Amino acid sequence: MIDKNKEGYLAKDNVVVFYNSDADIGYYARTSTKGKELDLVNKYIDYLKLVYSRMKTKRAAIFIEPLLETGYPDIVVVEYYSTPDLQWNDLRKSLNSTDLKILFFIQTMKNTSIDIINEMLGYSFEIIQGTVKRLSACGLIRLSKDKSNIKSIAISRYCRVNKIIAIEAKIDKWRDAICQATKNIWFASESYILLNKKTCSAEVINACCENGIGIITINGKVNKILPGRNGYFPVSYASLQFNEFLLRWFYRKES
């Protein structure tokens, strides 16, 4: 039996579920509304807990209705591997969304400078210099001796996330589900709609295919009707945000 603790998360073996906001790790979520959709979400989460608890190496953190720029996806599953060998720096707990946006840009560019970041992202030199200083102190980037050149490091050195799966649940409004699931591609490696059906019409399947969205149904049992398009990780700075939520929680738990 697993009980939700006072911090609003549930953890056992290799599965952790975040039900509520946790300001200590910088994570905020919407309070779920009771109803048929929440029942559908909870059924699928129970299924996910069972699936991941049986895996030997793969672990999962499940976030319920996290607050993101694109809204509140119903379920975000963050697959990750072991964390103990990661060099953690408590300064990372203070990194904000701007820091992670600049980190993602550096990771994408591999080799850049403050001037290029200013030109491409539009942040002031003062903000960029502050961010670069923090990222360097956290060991997330490399700086040249004169600090004019900024290089990325291997993402495996600071990130333990392997994949992010977003799921949007709907009882009947499948067009609304596809709309939100399409937005979720912005941060997720794979995006799905979750429907309380046994089968799907050709109209639903075609609409999902056009947008790279997968389909999962629950009606007695769980079926993956259509796989989601598999994207790279990280997809955006929000992908890195989930890594930070997870690691902040993990190292707080270990301390």
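Read-outs: derived from the displayed coordinates by stated rules, not from any lab. Because the structure is a prediction, the values reported are computed rather than measured. Here the Cβ is made from the backbone with ideal geometry for all residues, glycine too, and neighbour counts use every protein chain on show.
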On the basis of being over 30 Å from Gly212 (Cβ atoms) and touching a strand residue (DSSP E or B) at 6+ places or on another chain (Cβ under 7 Å), does Arg142 make the cut? yes
Cβ-Cβ below 9 Å, separation at least six or inter-chain, first residue in the range 130-141 and in contact (Cβ under 8 Å) with a residue 12 or more places away in the chain and assigned to a loop (DSSP other than H, G, I, E, B), second β-branched (Val, Ile, Thr) and buried (at least 20 other Cβ atoms within 10 Å of the Cβ): which pairs? Leu140/Ile106
Please specify each residue of the range 164-187 satisfying the condition of being without any contact (Cβ under 8 Å) to a residue 40 or more places away in the chain, surrounded by fewer than 24 Cβ atoms within 10 Å (Cβ to Cβ) and under 20 Å from the mean Cα position of the chain (by Cα). Ile178, Cys179, Thr182
Sole exception among (1) touching a residue at least 40 places away in the same chain (Cβ under 8 Å); (2) under 22 Å from Val41 (Cβ atoms) for Ser236, by number: (2)
Please go through the range 191-215 and give me each residue that is within 18 Å of Tyr72 (Cα to Cα) and touching a residue at least 60 places away in the same chain (Cβ under 8 Å), ordered by number. Leu194
